[in-house]
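Peer 1: Here's a structure for you.
All of the numbers you see were taken from the coordinates with simple rules; none came from a lab. In this text, all values refer to a predicted model and were calculated from it rather than measured experimentally. Cβ atoms come from the backbone with ideal geometry, glycine included; neighbour counts cover every protein chain shown.
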Amino acid sequence: MEQRLTIVTLGVKDLAVSSIFYEQTLGWKKLASSNANILFFQLNGILLSLYLKEKLAEDATVSAKGQGFKGFTLAYVTRSEAEVDTIIASLKAKGVAIVKQPEKAFWGGYSSYIADPDDNLWEIAFNPFLPLDENGNTIPED
């Protein structure tokens, strides 16, 4: 199996609410392949999809019940600490839930967390150990 990730799918309660958050609040553009049942956003080399949580659980043949920490976070890595501050200030002004204010992180970076409408955690962070290319992809180590 190749070492790669193709799609991250988030189960959401309300596709319309999530669409507003990702399209209008974050300013992302959905792909033409999106439809009334699923949304797709092209990220760097992977797709983010949004699908109704109940339907996603049904597809995976698991229960959709459960609350609290989901056991994962998603990360948006910036090119500087100042960029973290700018993004968080912009999102706060748009009413986004700021879970953790920007601060120096124990691992040597600078980090903040926000929550989307379904409480999926997004880390907005500057990681000095992960340089980015012009497309926002991490530069592979030799």
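Peer 1: Is there a quick way to get the dipole size of the chain? I mean about its Cα centre, with the Cβ of Lys and Arg at +1 and of Asp and Glu at -1; what is the value in debye to the nearest 20? Mind dumping the intermediate values first?
Peer 2: Numbers: 13 positive and 18 negative charges, 91 e Å.
Here the size comes out at about 440 debye.
Peer 1: With +1 assigned to the C-beta of every Lys and Arg and -1 to the C-beta of every Asp and Glu, and no other charges, what is the dipole magnitude of the stretch 1-63 about the Cα centre in debye, to the nearest 20? The partial results should precede the final answer.
Peer 2: Working: 6 positive and 6 negative charges, 31 e Å.
Here the stretch 1-63 has a charge dipole of around 160 debye.
Peer 1: Going by C-beta contacts inside 10 Å, put E81, E58, E134 in order with the fewest on the left. Kindly include the intermediate steps, with their values, before the conclusion.
Peer 2: Details: E81 17, E58 12, E134 5.
Ascending Cβ contact count within 10 Å gives the list E134, E58, E81.
Peer 1: Here's a follow-up. Quick one: W107, W28, fewest Cβ neighbours within 10 Å first, how do they rank? Working shown, then result.
Peer 2: Details: W107 10, W28 14.
The order, fewest Cβ neighbours first, is W107, W28.
Peer 1: Still on this model: Of G66, P140, V84, which is farthest towards the positive pole of the chain's charge dipole, taken about the Cα centre with +1 and -1 on the beta-carbons of Lys, Arg and Asp, Glu respectively?
Peer 2: Of the options given, the answer is G66.
Peer 1: So for R79, R4, fewest C-beta neighbours within 10 Å to most, what's the order?
Peer 2: Fewest-to-most Cβ neighbours within 10 Å comes out as R4, R79.
Peer 1: Taking the radius of gyration and the Kirkwood hydrodynamic radius from Cα positions alone, what is the Rg/Rh ratio for the chain, to two decimal places? If you can, show how the numbers build up before the last one.
Peer 2: Working: Rg = 15.9 Å, Rh = 16.5 Å.
My calculation puts Rg/Rh at 0.97.
Peer 1: Pick out, from L5, T25, A57, the residue whose Cα sits farthest towards the positive end of the charge dipole of the stretch 1-63, with +1 on the Cβ of Lys and Arg and -1 on the Cβ of Asp and Glu.
Peer 2: Farthest along the dipole direction, towards plus: T25.
Peer 1: Now a separate question. In degrees from 0 to 90, rounded to the nearest 10, what is the angle of the helix 81-93 Cα long axis to the longest principal axis of the chain?
Peer 2: Tilt of helix 81-93: around 40 degrees.
Peer 1: For the chain, what is the mean residue ellipticity at 222 nm derived from helices alone (per DSSP H run of n ≥ 4: -39500 (n - 2.57); sum divided by total residues; nearest 500 deg cm²/dmol)? Each step should come with its number before you reach the end.
Peer 2: Working: 3 runs with 27 residues, N = 142.
Mean residue ellipticity, 222 nm, calculated: -5500 deg cm²/dmol.
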